[in-house]
Amino acid sequence: MKEIRFFYAPDVAADAELPADEAAHCLRVLRLQAGDEIRLTDGKGMFYKAEITTATGKRCLFKVLEAVPHPKEWSGHLHLALAPTKNMDRIEWLAATEIGFDELTFLDCRYSERKVVKTERIDKILVSAMKQSHKARKPLLNGMEDFKRFVARPFAGQKFIAHCYDEADVAGVAKASEDKAMDGGKPFLLDELDAGQDALVLVGPEGDFSIDEVRLAQAHGFRSVSLGRSRLRTETAALVAVHLMHIRHARM
C-alpha cells in the first residue's frame, strides 16, 4: 500500500498553495507531480484530501477534494511549561513527541541554564511531529516567559508543579522522620489529574526550581506533584508529564 504523505497548510481554506518549505519537500524530495493525491492538515483540527494541480519550480498548487474534521484524541487543554536545558538537542527531542499536547511554554527560572530560545526551529519540529503522527492539531508554542509572571496568570484548570523538594521543606516544618520517600511526600501526578479538565504542568531546569519558586507557585494555586520515584532529567520529566496527562485525558 502506497504511503500517504501529509503536508501542513495552515491557510488551506483561503489559499490553495502549499507553503514554500512544504512545496519544496513535496516537489524536490518526494518528486510528486500534478495529479498526485496528497493529505493536508491545517493544524487546527481538519484533514483534507487534495490533488496537486500545478507542480512547477518552487510552487505547488492543489484542489481540495474532501474536508474531514478530526476529533482530538484527548479531552481538555494540555499545557506543558518547562525551563529549557542548555543542550537544545534534548528540548528539540521533547518537542518532537508524537504523544500530543496543546500548548508549550518555556520558562525563565532562577536556575535556568538557558535564557533565550529560538522558537522558529522548535515550531518546525512541532509541525514535523504533527505530520509524522498524523495529527490534525499543532501545539501552540510560546516563547520564553518569566516564571514569576507566568505563575501569576489565570488558568482555567488544574495547575501542578513537579519538583524534587520534600513537602516538609517547602512548608518550612520539621520532618517527622529522616526516612523520607523518594517522592518527597508529594502525590503522583496521574492520581491528581481529573479527566476532561484542562491541565498545566510546570517542569523545572536541571537544578530544579528554587524553593521560593515552588512556594510562589503554590501561593498561586499550583499543587506539588511527583512524576515517580526516579530522579529525571528535565526533558525526560517533561515527556513523562505529557504522557501522564495523555493517559488520563485520552479518549478511548
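When you check LYS49 against the structure, is it surrounded by 14 or more Cβ atoms within 10 Å (Cβ to Cβ) and part of a loop (DSSP other than H, G, I, E, B), yes or no?
no
Conditions: (1) touching a strand residue (DSSP E or B) at 6+ places or on another chain (Cβ under 9 Å); (2) open to solvent by 30 Å² or more (accessible area, probe 1.4 Å). VAL170 meets all but one. Number of the miss?
Among (1) touching a strand residue (DSSP E or B) at 6+ places or on another chain (Cβ under 9 Å); (2) open to solvent by 30 Å² or more (accessible area, probe 1.4 Å), VAL170 violates only (2).
Could you say which residue among ALA55, ALA14, ALA24 is open to solvent by 20 Å² or more (accessible area, probe 1.4 Å), in contact (Cβ under 8 Å) with a residue 12 or more places away in the chain, not in a strand (DSSP E or B) and not hydroxyl-bearing (Ser, Thr, Tyr)? Before you say what the answer is, go through the steps one by one.
Working: ALA55 fails: not in a strand (DSSP E or B); ALA14 fails: in contact (Cβ under 8 Å) with a residue 12 or more places away in the chain.
Answer to the check: ALA24.
Filter the stretch 133-151 down to the residues that are in contact with an Asp or Glu (Cβ under 7 Å, 6 or more places away or on another chain) and more than 20 Å from ALA237 (Cβ to Cβ), then identify the one that is surrounded by the fewest Cβ atoms within 10 Å (Cβ to Cβ).
Residue satisfying both the conditions and the ranking: ASP146.
Given the residues GLY196, GLY185, which is the only one that is more than 23 Å from GLU92 (Cβ to Cβ) and without any contact (Cβ under 8 Å) to a residue 40 or more places away in the chain? I'd like the intermediate steps shown before the answer.
Working: GLY196 fails: without any contact (Cβ under 8 Å) to a residue 40 or more places away in the chain.
The unique qualifying residue is GLY185.
Within the group VAL201, VAL242, VAL225, which residue is part of a helix (DSSP H, G or I) and buried (at least 19 other Cβ atoms within 10 Å of the Cβ)? Break it down stepwise before answering.
Details: VAL201 fails: part of a helix (DSSP H, G or I); VAL225 fails: part of a helix (DSSP H, G or I).
Selected residue: VAL242, the only one of VAL201, VAL242, VAL225 that is part of a helix (DSSP H, G or I) and buried (at least 19 other Cβ atoms within 10 Å of the Cβ).
Residues checked against (1) more than 17 Å from the chain's Cα centre (by Cα); (2) exposed (fewer than 14 other Cβ atoms within 10 Å of the Cβ); (3) not in a helix (DSSP H, G or I):
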position	(1), (2), (3)
ILE91	no, no, no
VAL117	no, no, yes
GLU120	no, yes, no
VAL127	no, no, no
ARG153	yes, yes, yes
CYS164	yes, no, yes
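Suppose the filter is open to solvent by 60 Å² or more (accessible area, probe 1.4 Å) and over 25 Å from the mean Cα position of the chain (by Cα); does GLY35 pass it?
When the stated conditions are applied, GLY35 does not pass them.
Could we say that TYR48 is closer than 15 Å to LYS131 by Cα and more than 20 Å from the chain's Cα centre (by Cα) here? Quick ask: steps written out before the conclusion?
Numbers: closer than 15 Å to LYS131 by Cα: yes; more than 20 Å from the chain's Cα centre (by Cα): yes.
Judged against the criteria, TYR48 is a match.
The values are calculated or read from the model by the stated rules, or taken from the named source; none is laboratory data. Computed from a predicted model, the values in this text were never measured in an experiment. Virtual Cβ from ideal backbone geometry, glycine too; neighbours counted across all protein chains shown. These area figures cover heavy atoms from the full protein model, side chains too; ligands, DNA and RNA do not enter into them. Shrake-Rupley method; radii C 1.70, N 1.55, O 1.52, S 1.80 Å.
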